[in-house]
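I have placed the structure first, in the form of structure tokens, so that the comments after it can refer back to it.
The values are calculated or read from the model by the stated rules, or taken from the named source; none is laboratory data. Computed from a prediction, not measured in an experiment: that's the story for all the values here. Cβ sites come from the backbone with ideal geometry, for glycine too, and all protein chains shown count toward neighbours.
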């Protein structure tokens with residue numbers, strides 16, 4: 001894991017070595033403010049909570065997180081540095097974990113910089129800060145799941161635009177998995193168990209539960225298992241591409 005830490009530091013530093021990181025953070029903060037205070041009706045609700053803030057996160061992440069993940073491996077493949085990276089005394093597992101953790105921490109930094117919204121709701125009322133903290137945890141876990149999917153998509157192609165599109169499509173399917181429109185496509189022929197399984201894959205169902213302060217171990221484990229599964233898929237894809 002020490003070698004994964006080295007890659008983590010290199011990758012995280014690389015984000016802030018270019019203006020793109022700062023542009024991403026500014027865009028993220030602006031969009032969260034717009035969605036919270038205008039579309040979410042933060043003041044009109046007259047409730048001391050951050051539900052208007054958290055309810056839009058899955059949709060924000062649907063487009064912003066793939067913008068981070070698309071470069072994880074596609075850029076390495078396009079520039080030819082992937083082969084160089086894999087010849088170093090670093091295991092594929094360390095490389096996958098190190099690059100993912102750097103992207104996840106970067107997303108976490110952007111999320112933490114929304115703290116003025118937390119301060120605002122505490123200034124205006126007396127919110128349950130435990131619920132808000134759970135919402136932040138759930139949001140970060142969900143961002144990690146988006147990133148893990150994006151990592152796998154990025155490993156499958158050398159084109160960042162294609163990686164972005166594939167990530168958006170796959171993540172969108174997981175977001176809307178529990179929607180009636182999706183379930184109705186299975187309802188006429190699928191058994192109830194399959195319907196429940198499809199609905200259980202929805203990011204929204206697990207995130208909404210955590211954002212309401214209900215820290216169910218099953219919801220937390222869902223995101224952790226999803227992250228681990230997609231990172232394993234990333235390693236498999238890279239190994240297959242290396243053999244080509």
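Apart from one condition, residue 149 fits all of (1) under 19 Å from residue 229 (Cα atoms); (2) at pLDDT below 90; the exception is (2). Of the residues making up region 215-231, not a single one is surrounded by 15 or more Cβ atoms within 10 Å (Cβ to Cβ), at pLDDT 75 or above and at positive phi. When restricted to residues that are part of a helix (DSSP H, G or I), over 16 Å from residue 34 (Cα atoms) and over 19 Å from the mean Cα position of the chain (by Cα), region 104-125 contains 4. Answer with yes or no whether residue 231 is within 23 Å of residue 72 (Cβ to Cβ) and under 16 Å from the mean Cα position of the chain (by Cα). Yes; evaluated as a whole, the condition is true for this residue.
Among residues of region 126-166 being assigned to a loop (DSSP other than H, G, I, E, B) and in contact with a helix residue (DSSP H, G or I) (Cβ under 8 Å, 6 or more places away or on another chain), the one that is nearest to residue 63 (Cα to Cα) is 159. Within region 52-65, being over 10 Å from the mean Cα position of the chain (by Cα) and crowded, with 18+ Cβ neighbours inside 10 Å holds for 52, 53, 54, 55.
The helices (runs of 4 or more DSSP H) falling completely within region 23-69 that include 2 or more residues that are free of Cβ contacts under 8 Å to residues at least 60 places away in the same chain and farther than 23 Å from residue 160 by Cα map to 42-45. In this structure, is residue 183 more than 22 Å from residue 144 (Cβ to Cβ), at pLDDT below 85 and surrounded by fewer than 19 Cβ atoms within 10 Å (Cβ to Cβ)? When the stated conditions are applied, residue 183 passes them. Of the residues in region 189-203, not one is modelled with pLDDT of 90 or more, crowded, with 18+ Cβ neighbours inside 10 Å and closer than 21 Å to residue 111 by Cα. Taking region 210-227 as the range and being in a helix (DSSP H, G or I) and in contact (Cβ under 8 Å) with a residue 40 or more places away in the chain as the test, the residues that pass are 210, 211, 219, 220, 223, 224, 226, 227. For region 87-103, the count of residues that are in contact with a helix residue (DSSP H, G or I) (Cβ under 7 Å, 6 or more places away or on another chain), in a helix (DSSP H, G or I) and free of Cβ contacts under 8 Å to residues at least 24 places away in the same chain is zero. Selection of region 10-22 for residues being modelled with pLDDT under 90, under 20 Å from the mean Cα position of the chain (by Cα) and either buried (at least 17 other Cβ atoms within 10 Å of the Cβ) or in a helix (DSSP H, G or I) (or both) yields 11, 12, 13, 14, 15, 20, 21.
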